[in-house]
Amino acid sequence: MADRRFVMSVTPQASETSALVLFSGGQDSATCLAWALERYDRVETIGFDYGQRHAVEMQARQAVRSEMVNVLPQWADRLGPDHVVDLTGFGAIGETAMTTDRAIEADARGLPNTFVPGRNLIFLVAAAALADRRGLEVLIGGMCETDFSGYPDCRNDTIQAMSQALTLGLAKPSPIETPLMFLTKAETWALAERIGGAALVQMIVEASHTCYLGDRTQRHDWGYGCGTCPACELRAAGYNEWAARA
């Protein structure tokens, strides 16, 4: 059943030629950007400034975009403009360990306090509005429920419900592609390798940023980060599992 759902999630309609990638500059969104460039004639990116603690995330976005056209030159002409939306007001409402200086721990519901309530929902609404204005047909996000870190807005049911809501609210089909939804982190590294070989994998290692603490001083086999926060641990474990199979 999982395999069938995966195929349904990532197969675009024949008539769809353009896409907007929700792009944070992390491993997952970098892989999604490469995946989109492989499939769509026109690809744009959207990022969100929601008051995240570390500016390094916004810097990584531009580094990955710049290097993407170098490692995938065959699709360089498909990459269009980048857009950044100011959602700092929303970040203040969500106030979590992602936007304020506090220890990373579980909350009363058992969710990690890096979870920003409603973040992906807000992101998708903003992205859909921009896509409508820009004439972009498909939204692409790096949400994943296999290694989803406890975030309920990364689940496939949530994304499918948002697609339905956007379709109703915009009075037109609003597909949301999630190519990583049923992949482990190891499988995400493997997907990057399939699309762009060792060059793409190395670019993601060097340029993308995942660490919750914003650490770019420590270089590991899997990239830069503190090595101890949940995001680093998940990325490292996936990389090590993929590398062991390679």
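For the reader, a short list of remarks on this structure follows.
- Karplus 3J(HN,Hα) series, Hz, for the stretch 214-226 with 6.51 cos²θ - 1.76 cosθ + 1.60 (x for Gly, Pro): x, 7, 10, 9, 10, 9, 10, 4, 8, x, 9, x, 5
- Taking 0.36 nm per residue of separation and subtracting the Cα-Cα distance, full extension of the segment from ASP86 to ALA161 would add 24.5 nm.
- Taking 7 Å steps out from each Cα toward its Cβ at ASP77 and ALA246 produces label points 3.2 nm apart.
- Under 5 Å from the amide H of HIS83 lie the amide H atoms of THR45, ILE46, GLY47, each residue being 5 or more positions distant or on a separate chain, with H modelled from the backbone and absent for Pro and chain starts.
- Inter-label distance for ARG133 and THR17, nm, one decimal - labels placed 7 Å from Cα along Cα-to-Cβ: 2.4 nm
- Computed from phi, the 3J(HN,Hα) profile of the stretch 231-246 under the Karplus parametrisation 6.51, -1.76, 1.60 (θ = phi - 60°) reads 5, 5, 4, 5, 5, 5, 4, x, 5, 5, 5, 5, 5, 5, 8, 5 Hz, with x in place of Gly and Pro.
- Sorted peptide list for 41-47, 152-158, criterion being average Cβ within 10 angstrom, highest first: 41-47, 152-158
The numbers here are math on the coordinates, done by the rules we state, and not lab data. Here the structure is a predicted model, which is why all the values come from computation and not from measurement. Every residue, glycine among them, receives a Cβ derived from its backbone with ideal geometry; neighbour counts consider all protein chains shown.
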